[in-house]
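Report on the following structure.
Rule-based calculations on the coordinates, nothing more; no lab input. All values reported here derive from a predicted model rather than from experimental measurement. Using ideal geometry, Cβ is built from the backbone for each residue, glycine included, and neighbour counts are taken over all protein chains shown.
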Amino acid sequence: MKKFIVYKDIRKRAIIFGLPISLFALMMISIVTSLLVIIFSFSFGVIIGIISMNVGLYVTLIRITGNPHFFTWQKTFPKMISNRRNSGLDYE
């Protein structure tokens, strides 16, 4: 008989439209606020600007999702690990 294991951590890797849940929520907040701005403004330039801003935000979030080390500014590990005391003198 076939056994199935229970996968409890499904929400950790859930993806909607190529974005994790937190980034998808950010995108939905942006879209809702954009719709509110579009409803209360009747300018064609504003509508085009908001649409291009949402597309730009979506592309940026997709790139950040594809490259998670994009915001890493420092290295995780040092070049050399040693137990010696650091005297501060450089012999080279």
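The chymotrypsin sites (Phe, Trp or Tyr not before Pro) of segment 2-61 meeting both criteria, a DSSP state outside H, G, I, E and B (loop) and at most 16 other C-beta atoms within 10 angstrom of the site's C-beta, are PHE4, TYR7, PHE17, PHE42. With each label modelled as a point 7 angstrom along the Cα→C-beta vector, the ARG84-VAL46 pair spans 6.7 nm. Under the simplified labelling scheme, the LEU35-LYS3 pair shows an inter-label distance of 4.7 nm, with each label point 7 Å from Cα along Cα→Cβ.
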